Amino acid sequence: MTTIWQLSPSDLTFLWSECPRCFYLKVAHKFTRPYSPMPAIFNRIDKLMKDFFQNKPTGEICGDLPDGVVRFGEKWVTSQPIVLPNHSTQCVLKGKFDTVVEFVDASFGVVDFKTSEAKPAHIPFYGRQLHAYAYALENPAPGKLGLSPISKLGLLVVEPTLMDKTADGKIAYVGRVTWLACPRDDQKFFAFLDQVLTLLEQSEPPQPSPNCVWCAYRESARQNRL
């Protein structure tokens, strides 16, 4: 029976970059890091941003986007199994995107919202996540959400620049909105998935990242038991 790994687009971005050992343990052995809840204020900001942009024409958001409408917010996607050459296992991509824009040319764009400084370095880092959502939407598992073609990938970054007082006496953050386009490169994404499968097909976990505090804690706990 073929092993099919379930890969989270966000784990392909964050966990893979933070520690290959933690990534391996989570995917191959369902051994996850302790849950670290995000402070409630960040969840609230995230929801406010998504609610604000929902159903907005792209022209009202950012002039760098083609004409369209922010249409699909926070929906789960699951891909068909991905078969790569020279691998005995397969993988599926499963996760929940921030939003999808429907353009007037009948294509779609996968968008991730960020409250941050708009940095070009964000593009390659979040590119894996965006490509994973795009692939899952274009190649959905039976009964799962499918949208095609995906013509744009990118980050919609809101960067607070000042605070102002509204007419009714409330305080509001004012900021600029920047569109950071992520070039579509499926060949590069599949080369990355090749690395992921190579790691997961190992019989033993890889070495931890030198900066992984979770692996350091587990090792310290083991040593203290000896």
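Readers should treat all values here as calculations from the given coordinates under stated rules, not as data from a laboratory. Since we're looking at a predicted model, the values are computed, not measured. As a convention, Cβ positions derive from the backbone with ideal geometry for all residues, glycine included, and neighbour counts pool all protein chains shown.
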For the chain, give me every cysteine whose Cβ has no other Cys Cβ within less than 4.7 Å, ordered by residue number. Cys62, Cys91, Cys182
Mean separation of Cα contacts under 8 Å (6+ apart) over length of the chain, as relative contact order %: 21 percent
With all distinct Cα pairs included, what does the Kirkwood hydrodynamic radius of segment 121-172 come out to in Å, to one decimal, could you say? 14.3 Å
Mean projection of the alpha-carbon convex hull of segment 4-225 over all orientations, in nm²? 15.4 nm²
Under a Cβ-only charge scheme (Lys and Arg +1, Asp and Glu -1), can you give me the dipole magnitude of segment 42-199 about the Cα centre, in debye to the nearest 20? 380 debye
With the cut-off at 30 Å, tell me which of the pairs Lys47/Lys144; Lys26/Lys56; Lys96/Lys165 have Cα atoms farther apart than that. Lys26/Lys56; Lys96/Lys165
Pull out the extension gain between Ala191 and Asp168, defined as 0.36 nm times the separation in residues minus the alpha carbon to alpha carbon distance; nm, one decimal. 2.8 nm
Antiparallel %, DSSP beta bridges [both residues in the chain], to 5: 70 percent
Straight-line reach from Lys152: which aspartates and glutamates fall under 16 Å, measuring Cα to Cα and dropping same-chain residues less than 8 apart? Asp64, Asp67, Asp98, Glu102, Asp105, Asp112, Glu138, Asp185, Asp186
FRET efficiency, Lys26 to Ile123 (Cβ-Cβ, R0 41 Å, nearest 0.05): 0.95
